[in-house]
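The values are calculated or read from the model by the stated rules, or taken from the named source; none is laboratory data. The shown structure was predicted, so the numbers you read here are calculated from the model rather than taken from an experiment. Quick reminder, even Gly has a Cβ in these numbers, built from the backbone with ideal geometry, and neighbours come from all protein chains shown.
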Amino acid sequence: MAKASAAPSAGARIYTVSEVNGLIHDLLENSLPEIWMEGEVSNCKLYPSGHTYLTLKDEEAQIRAVLFKGAALGLKFKPEDGLKVLVRGRASSYVKRGDLQFVVSWMEPREKGALQLAFEQLKARLAAEGLFDESRKKPLPAFPSCVGVVTSGQGAAVHDMISVLGRRWPLARVLIYPVKVQGEGAAEEIAGAVRDFNEFFPETDVLLVGRGGGSMEDLWAFNEETAARAVAESKIPVVSCVGHETDFTIADFVADQRAPTPSAAAELAAPDRRAVLGQIESREQELAAALREKIQVLSERLSRAASHPLLQSPERIYEDRTRFLDDLWMRLEDGAAQALLRAKQALAMGAAKLEAYSPLKVLGRGYAIAEKLPHLEIIRSAGQVRPGDRLRLRLAEGRIECEVAMTEGNGLPPKDIGGKP
């Protein structure tokens, strides 16, 4: 038996790795048509390019797959790990690495419908962001002056809302913003209308956003993230009214209030004028009764006050005070007179003492006050002067200046002054 040659034979073609990968790629692309395949999604990752890379597997095998951006745009739901799906596509390969890939052109969930799955996915994501929280819900105005309506310009829904608003609260101005409510581009139109109201008609007190009933596909625009986020971001309170009473959309959860039908939304947004008039009439009657009761009470108080003795004779109010002031005045006069008498007596006693102790009284009895010149020092002892000192003698009447000729009583011998007087 001949052994296989270890070297290529003469003329044999030698392929590069790139050429082999290219042949495999072409073989897969040209020999296998698009097929349907089911499997479970794992290792799912969305790249910034918009392409989604994932693995499809069953109990015994797995294959790498790619969902390019263009195909992903047609899906209502987002692929995620653990989801069982049915896919349509073709087998291919990535030439640079030689990796086998299944290129997905369509995908739908096996256990739930695509729309229901997309609804649940978006609902869970927005709920996690807090867009359904009651704390962010805005209250509706009690008496709106302007009501905005975002719905189809045709059909029963818009006519029902206009009719109900006009009947219940004709004082409000109604602004209609017609939009597509189903089909391609409907969600974008709804979102744009809500944003336009907030930007160009901020005086709008409340927005009614919705449409009449239909299938889940018909109502799908109100389940789109674009429309839901516009409703959630609205500064104007929004009442969502999509479909019939049993229909729920994502817009219902993010709106400030949900109404089961468009007509119910109009009733919720606008008060019933007849009820308001009835309340006004009732309040008017209550006010009139309260005023009558108040007037009666005040009238009785006035009658009692008018019969009071003080109002019959107003001078009684100040009689006691007048007596009190007179009494004070008399007590003041008596006290002042006694005080003046005591002061006069004290003055007389002081004058008598002053008179008794007055030096002039002593001088009148023949005594004199000697003062040494020039400083007018009072002389009380002979020892304070010497012969030759000059003195001033103060008499009861007048003064005398003299010179000391002799002193006695100070221990000095008398001095002879030669017979001078």
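A few points about this structure:
- Single residue of the stretch 48-59 satisfying the filter (surrounded by 12 or more Cβ atoms within 10 Å (Cβ to Cβ) and either polar (S, T, N, Q) or assigned to a strand (DSSP E or B) (or both)) that is farthest from the chain's Cα centre (by Cα): Lys57
- The stretch 166-177, subset charged (D, E, K, R) and in contact (Cβ under 8 Å) with a residue 24 or more places away in the chain, residue surrounded by the most Cβ atoms within 10 Å (Cβ to Cβ): Arg168
- Residue that is farthest from the chain's Cα centre (by Cα) [pool: residues in the stretch 220-238 that are aliphatic (A, V, I, L, M) and surrounded by 24 or more Cβ atoms within 10 Å (Cβ to Cβ)]: Ala221
- Selection of first residues in the stretch 178-201 that are assigned by TED's automatic domain parsing to the domain that holds Gly74 and of second residues that are buried (at least 16 other Cβ atoms within 10 Å of the Cβ) and hydrophobic (A, V, I, L, M, F, W, C), restricted to Cβ pairs under 7 Å at least 6 apart or on distinct chains, gives an empty result.
- Residue within the stretch 142-151 that is surrounded by 18 or more Cβ atoms within 10 Å (Cβ to Cβ), at pLDDT below 95 and either under 30 Å from Gly166 (Cα atoms) or not aromatic (Phe, Trp, Tyr) (or both) present: no
- Some residue of the stretch 60-68 being farther than 14 Å from Val103 by Cβ, modelled with pLDDT of 85 or more, hydrophobic (A, V, I, L, M, F, W, C) and not in a helix (DSSP H, G or I): yes
- Selected residue [in contact (Cβ under 8 Å) with a residue 40 or more places away in the chain, among the polar types (S, T, N, Q) and either farther than 30 Å from Gly155 by Cα or in a helix (DSSP H, G or I) (or both)] from Ser299, Ser303, Ser263: Ser263
- Top-ranked residue in the stretch 236-260 [being among the small types (Gly, Ala, Ser) and assigned to a loop (DSSP other than H, G, I, E, B); ranked as farthest from Leu140 (Cα to Cα)]: Gly243
- Selection count where residues are under 45 Å from the mean Cα position of the chain (by Cα), within 18 Å of Ser49 (Cβ to Cβ) and loosely packed, with under 14 Cβ neighbours inside 10 Å, scope the stretch 75-125: 0
- Answer residue from the stretch 26-42, given it is part of a strand (DSSP E or B) and touching a residue at least 60 places away in the same chain (Cβ under 8 Å) and is surrounded by the most Cβ atoms within 10 Å (Cβ to Cβ) among those: Met37
- Of everything in the stretch 212-235 that is outside any helix (DSSP H, G or I) and among the hydrophobic types (A, V, I, L, M, F, W, C), the residue that is farthest from Gly148 (Cα to Cα) is Met216.
- Taking the listed residues Ala289, Ala186, the one that is buried (at least 19 other Cβ atoms within 10 Å of the Cβ), over 33 Å from the mean Cα position of the chain (by Cα) and over 25 Å from Val164 (Cα atoms) is Ala186, with no other qualifying.
- Filter result (touching an Asp or Glu at 6+ places or on another chain (Cβ under 6 Å) and either within 30 Å of Phe77 (Cβ to Cβ) or not assigned by TED's automatic domain parsing to the domain that holds Pro144 (or both)) within the stretch 227-245: Val238, Ser240
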